[in-house]
1. Of the conditions (1) free of Cβ contacts under 8 Å to residues at least 40 places away in the same chain; (2) in a loop (DSSP other than H, G, I, E, B), GLY141 satisfies every one except a single condition; which number is it?
2. Look at VAL51 and say whether it is within 15 Å of the ligand (Cβ to nearest atom) and touching a helix residue (DSSP H, G or I) at 6+ places or on another chain (Cβ under 8 Å).
3. Taking the conditions exactly as written (more than 16 Å from the ligand (Cβ to nearest atom) and among the basic types (Lys, Arg)), does ARG64 satisfy them or not?
4. Given the residues GLY87, GLY141, which is the only one that is within 16 Å of the chain's Cα centre (by Cα) and at pLDDT below 95?
5. Go through segment 89-134 and count every residue that is closer than 18 Å to GLU164 by Cα and of a type in the set (S, T, N, Q).
6. What is the one condition in (1) within 16 Å of the ligand (Cβ to nearest atom); (2) surrounded by 12 or more Cβ atoms within 10 Å (Cβ to Cβ); (3) of a type in the set (Gly, Ala, Ser); (4) more than 22 Å from PRO147 (Cβ to Cβ) that SER114 does not satisfy?
Amino acid sequence: YRIAVFASGSGSNFQAMLDTARAGQLGAQIALLVSDKPQSKAVERARAAGVPVFVFTPKEYESREAYERIILEELAKAKIDLIALAGYMRLLTSVLVEPYMGRMINIHPSLLPSFPGKDAAGQAVSHGVRVSGATVHFVDGGMDTGPIIAQRAVEVLPEDSAVELQLRIQEQERLLYPEVVSWFAAGRVKLDGRQVRLF
Ligand code: GRF
């Protein structure tokens, strides 16, 4: 079972998957890292781990669809079964979303459908919620709108700043995301219309 991770930033979720794979607990091979940021820490982590990398510079293409068609070819070449977005900071078009419907997932640092989009931890702190968390969901082309697969709750402490909350949510993400990937590798997750079935 072969997965591709898409990341633009620090890649701590990507690293958690690499570590879980190395420990023999992912049940999947991380076969490709895709990044729109050649200088990112995520790319550095992939190179250090010997994971094949496809990096591209969006402004060198005339449209989102144009670079997504190239990515699609790379995914096919690498025989990718599942795409895991991990801090990939771009919306996807139907060029990628449609062929991978039911086989593309994302992780978001809130309990969706609360606080989609940027700065989810900051949104949680300013709304004064007592509980937030992390969500793994299917990607459907909207911004953090796809069917929900798994969630972890994280308590918001009275003195929390957005940064402190974000860090505690990310600790949970690094546990949750590799676990969900292992469910896919074991054939335990299916998307049926908008219904998520767990076996
Ligand atoms: C994570 O908090 C994830 O929920 C969000 O982007 C962040 C990525 O962090 N989608 P990292 O690059 O995995 O460290």
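1. Result: GLY141 passes all but (1).
2. Numbers: within 15 Å of the ligand (Cβ to nearest atom): yes; touching a helix residue (DSSP H, G or I) at 6+ places or on another chain (Cβ under 8 Å): yes.
So VAL51 passes the test.
3. Working: more than 16 Å from the ligand (Cβ to nearest atom): yes; among the basic types (Lys, Arg): yes.
It is true that ARG64 is more than 16 Å from the ligand (Cβ to nearest atom) and among the basic types (Lys, Arg).
4. Going through GLY87, GLY141 in turn, just one is within 16 Å of the chain's Cα centre (by Cα) and at pLDDT below 95: GLY141.
5. 4
6. SER114 satisfies every listed condition except (4).
The values are calculated or read from the model by the stated rules, or taken from the named source; none is laboratory data. Everything numeric in this text was worked out from a predicted model, so none of it was measured. So basically every Cβ, Gly included, is an ideal-geometry build from the backbone, and we count neighbours across all protein chains shown.
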